[in-house]
Amino acid sequence: MELFIIRHAAAVARERGLVDAERPLTGPGRERFRKAVRALDRLDIELDAVLHSPLTRAKQTASLLREVARGELVETPLLARAPGRPLLQLLRGERVAVVGHAPHVGALCAWLVTGRRDAGEALEFKKGTVAWLEGEPRPGKMKLVALMPIDVLRRV
């Protein structure tokens, strides 16, 4: 399996009166991630499925991946919290993407590569970053192919 772990694109800042779960992407955040998706397309990455958190910013980021997704977009609350075995059970297909939030995306990546969730802090997942993993989606059984910040993807 190839797994793409993605932190949502840039969202509006937290502000009084705005529920955190409803914070949308900013215009520039949306445009920057569109360019990143074009880079994934140029790398011939076609996704079987995209799983995403129910938070607005993750939903909107996942919807931008439609350009490279032949499968469905699936919402799961498991991507809005620390990774666990129930999330791993959802990872089915040859090429799958998950869209979530920091620090959980870093923890998921570290867990799958090293077997340790607490190593996620060593990985810098800025907004829009994509980690590309290959292998069996089990703790310590995947290898990190690339960690691509959005600024790098935009240059591809």
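Using the heavy atoms of the protein chains alone and a 1.4 angstrom probe, what is the accessible area of segment 55-156 per residue in square angstrom?
I get 51 Å² per residue for this part.
Do you know the relative contact order of the chain, to the nearest whole percent, from alpha carbon pairs under 8 angstrom that are 6+ apart?
Here the relative contact order equals 30 percent.
Specify which labelled value, from (1) 94, 68, 25; (2) 41, 33, 28; (3) 70, 36, 21, agrees with Cα extents along the principal axes in Å derived from the coordinates of the model shown.
Only one option fits the structure, namely (2).
Of all beta bridges DSSP finds with both residues in segment 50-143, what is the antiparallel percent, to the nearest 5?
Within segment 50-143, antiparallel bridges account for around 25 percent of the total.
Could you derive backbone 3J(HN,Hα) for segment 9-21 from the dihedral phi with the Karplus parameters 6.51, -1.76 and 1.60 (θ = phi - 60°), listing whole Hz in sequence and x where the residue is Gly or Pro?
Each residue's phi maps through the Karplus curve to give 6, 4, 10, 4, 5, 5, 8, 4, x, 9, 5, 3, 5 Hz.
Restricting to Cα pairs below 8 Å that are 6+ residues apart, what does the relative contact order work out to for segment 1-72? Please round to a whole percent.
The value is 36 percent.
Highest first, please rank the peptides 46-53, 62-69, 146-153 by the mean number of other Cβ atoms sitting within 10 Å of their residues.
Peptide ranking by packing, descending: 46-53, 62-69, 146-153.
Where the accessible area of segment 1-133 is counted over protein heavy atoms with a 1.4 Å probe, how much of it, in %, is carbon and sulfur?
C and S fraction of accessible area: 47 percent.
The values are calculated or read from the model by the stated rules, or taken from the named source; none is laboratory data. Bear in mind the structure is a predicted one, so any value in this text is a computation, not a measurement. Virtual Cβ from ideal backbone geometry, glycine too; neighbours counted across all protein chains shown. With ligands, DNA and RNA removed, areas are computed over all heavy atoms of the protein, side chains included. Shrake-Rupley method; radii C 1.70, N 1.55, O 1.52, S 1.80 Å.
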